[in-house]
1. Checking the a/c ratio against 1.5 first, then a/b against b/c, what shape does the Cα gyration tensor give for the stretch 40-80?
2. Tell me, in nm to one decimal, what length is gained between Arg52 and His102 on full extension, where the rule is 0.36 nm per residue of separation less the Cα-Cα distance?
3. Counting Lys +1, Arg +1, Asp -1, Glu -1, what net charge surrounds Lys47 among other residues with beta carbon under 14 Å of its beta carbon?
4. Given R₀ = 35 Å, FRET efficiency for Ala64-Ile35 by Cβ-Cβ distance, to 0.05?
5. Which net charge results for the neighbourhood of Ala60, defined as the other residues with beta-carbon distances under 15 angstrom from its beta-carbon, given Lys and Arg at +1 and Asp and Glu at -1?
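Read the figures in this text as sums done on the coordinates, not as results from a lab. Nothing here was measured: the structure is a model prediction, and the numbers come from that model. Every residue, glycine as well, gets a Cβ built from its backbone with ideal geometry; the counts of neighbours run over all protein chains shown.
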Amino acid sequence: MGTELDEQPLDFGSEPMQNGFDSMPAADSSPYAAISSMDRLQVEPEKIKRWREDQAKLLADKDAAEEEAIDEMKQTARKELEDWYRHRDEQLEKTKATNRYHCLSTYLCSQL
């Protein structure tokens, strides 16, 4: 009745295309998906591989140093804020004492 081709459903995504790409990129994927798939198929030179590894280590070291610097800045800011509040409370107490003194002396002077 039918030939062997008629009995098998067509599946375009499972076989590589003739131009060397694994499959066509989906509509919602990156426009560079085809290039990326070709890049993965090629063997990366040793120099580039070492450079990538060195860059990854360098970035990890920089990230660690940045985290330490951020923690140090937070500690410094916390100490400065505590000092600021302590100084503010001292000044507020001095102002209150001065105001009480002036209020009391004005009251006493007006009684005379």
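1. Values: a/c = 10.19, a/b = 4.88, b/c = 2.09.
Prolate shape, in that a/c is at least 1.5 and a/b is the bigger ratio.
2. Stretched out fully, the Arg52 to His102 stretch lengthens by 10.7 nm.
3. Working: positive: Lys49, Arg50, Arg52; negative: Glu44, Glu46, Glu53, Asp54.
Counting the neighbours of Lys47, the net charge comes to -1.
4. Numbers: r = 33 Å, r/R0 = 0.94.
About 0.60, to the nearest 0.05.
5. Details: positive: Arg52, Lys57, Lys62; negative: Glu53, Asp54, Asp61, Asp63, Glu66, Glu67, Glu68.
For residues surrounding Ala60, the net value is -4.
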